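Presented below is the structure to which this report refers.
The values are calculated or read from the model by the stated rules, or taken from the named source; none is laboratory data. The model shown is predicted, which means the values in this text are computed figures rather than measured ones. Note: ideal-geometry Cβ built from the backbone for every residue, glycine included; neighbour counts use all protein chains shown.
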Amino acid sequence: MRFERLAAEADFDGFRRSARALLAQGVAPEAVQWAVDDGLAPQLWDHTEPAAPATTAGPAVAVAVPAAFINLCRAVVLHRAPQRFHLLYRLLWRLQREPALRHDGLDADMARARLMAQAVRRDLHKMKAFVRFRDTGSVRVAWFEPEHHIVEAVAPFFMRRFATMPWAILTPERSVRWDGEHLTWGPGGHKHQLPPADAGETLWLTYYANIFNPARLKLRAMEKEMPRKYWPNLPEAALISALSADAGARSAAMIARPAQAVQRRLPTVTPAPPPRLPLPGKR
């Protein structure tokens, strides 16, 4: 049995190096055991980088795989399933022997990997949409509970979006801070570390309540896009029940309201005089 230890839960580069070396040595998937040794920094505020991956395998070689499979691996590595590395290495092993596997839509391993990648991409989308920052005076802090190991993958998005704003995102297993120049990784945090609601949150709730359109309320569609499991961490979720309960009455009042004539004041336009053309025979 070969024992392969990766540096972190989302250590794609370490997995790729180990997988190449194992394939070069002809080590079958059932003879490999994968584990993660997450070398996190002791403090979120220290400027540290994730630990370098270590492998017990031999030299790596070039492995021919489709580019689409590489993208699939990058997503599946972020999944929470403990057997994800074993699944990916088994697929790599099989692709070297079954090139047509890449086109087999009914293969159980490929189908499982694609479902896992889809779940990760959905989690990435939700984190981008549902992170809410609170101001502490020097840094804005947010709390989020992702389903998968996506913090490293999504952090550059927030770095680009809030490039000039110092911020920190706490999750149960991983934390990250941006000081305007560096991303700093740290261990997981707790929701009680989140500062109390600030004036910015109050302003956001006022805006959310005023843009709510009762005539367009579709609860099922809303809950599909914003599942209830995210509501405890969304300040606007506290308004949804009251706004939804009042939607029927507000819609009826809008319909019963008499129509108002459209009042438009068009600006006065003075037409330009026609150009003066020279008379024939004159210069």
Failed item, numbered, when A75 is tested on (1) touching a strand residue (DSSP E or B) at 6+ places or on another chain (Cβ under 8 Å); (2) at pLDDT 95 or above:
(1)
Please go through segment 245-280 and give me each residue that is among the charged types (D, E, K, R) and free of Cβ contacts under 8 Å to residues at least 24 places away in the same chain, ordered by number.
R257, R264, R265, R276
Using beta carbons and a limit of 8 Å, which pairs, at least six apart or on different chains, have the first residue in segment 124-137 and closer than 18 Å to P172 by Cβ and the second one among the polar types (S, T, N, Q)?
F130/N233; R132/N233
One residue from A142, A64, A57 being crowded, with 16+ Cβ neighbours inside 10 Å and modelled with pLDDT under 90:
A57
Restricting to segment 4-32, count the residues that are of a type outside the set (S, T, N, Q) and in a helix (DSSP H, G or I).
15
Matching residues, segment 199-214, being within 16 Å of A253 (Cβ to Cβ) and touching a residue at least 40 places away in the same chain (Cβ under 8 Å):
P214
Would you mind stating whether R90 is in contact with a Leu (Cβ under 9 Å, 6 or more places away or on another chain), within 30 Å of A24 (Cα to Cα) and surrounded by fewer than 18 Cβ atoms within 10 Å (Cβ to Cβ)?
no
Within segment 146-197, count every residue that is within 27 Å of R84 (Cβ to Cβ) and hydrophobic (A, V, I, L, M, F, W, C).
13
Looking at segment 90-138 only, could you name the residues that are small (G, A, S) and more than 29 Å from V32 (Cβ to Cβ)?
A129, G137, S138
Which ones in segment 230-245 are under 30 Å from S138 (Cα atoms) and not aromatic (F, W, Y)?
P232, N233, L234, P235, E236, A237, A238, L239
